[in-house]
Amino acid sequence: MSPLRQSASSSASDDDQRYAGMDEKKRKRMISNRESARRSRMKKQKLLQDLTGEVNRLQSANKNIVSKIDETTERYAICAAQNNVLRAQAMELTDRLRYLNDVIDSTGLAAGVADPLLKPLQNPCPMQPIASSGLFKF
């Protein structure tokens, strides 16, 4: 028998001796009240243990969530920095393209003049037959 059970049973026998001179009804009610209070204390202790376990579980879950938030925030900062770099590059390329279009417009290349370098397989000069000098006779 555990020490708690022994003390409970010994206290019950002590109660019986203490209340031996009392009215039987009153004695039973007092013993019942003591047992009810003991059960209430045990129930309260069990509830406290359950709540403590729940607090520990929730704290652990909270730590996991906080670490995921930190990781996501870090990844977001990296993506935002990369996005800023890409936006700057896009702006620079847009400016270069605008400048090149202005150069083309100012030189008149865009006025329908075909640039032979843009079509390397087309010969800008027509093919002329080579005249024979008559050195070779067949």
- request: Kindly establish whether Arg41 is open to solvent by 100 Å² or more (accessible area, probe 1.4 Å), modelled with pLDDT of 60 or more and out of contact with any strand residue (DSSP E or B) (no Cβ under 7 Å at 6 or more places or on another chain).
  value: yes
- prompt: Only one residue in Ser132, Ser60, Ser106 is at pLDDT below 95, open to solvent by less than 100 Å² (accessible area, probe 1.4 Å) and hydroxyl-bearing (Ser, Thr, Tyr), so which one is that?
  reply: Ser106
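So that you can scan it fast, the table gives a plain yes or no per residue for (1) of a type in the set (Lys, Arg); (2) in a helix (DSSP H, G or I); (3) modelled with pLDDT under 95:
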position	(1), (2), (3)
Met30	no, yes, yes
Ser67	no, yes, no
Arg75	yes, yes, no
Ala81	no, yes, no
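The values are calculated or read from the model by the stated rules, or taken from the named source; none is laboratory data. Worth saying up front: this structure is predicted, and the values here are computed from it rather than measured. Positions of Cβ are generated from backbone atoms using ideal geometry, with glycine treated the same way; all protein chains shown enter the neighbour counts. To get the accessible areas, we keep the full protein, side chains included, count just its heavy atoms, and leave off ligands, DNA and RNA. Shrake-Rupley method; radii C 1.70, N 1.55, O 1.52, S 1.80 Å.
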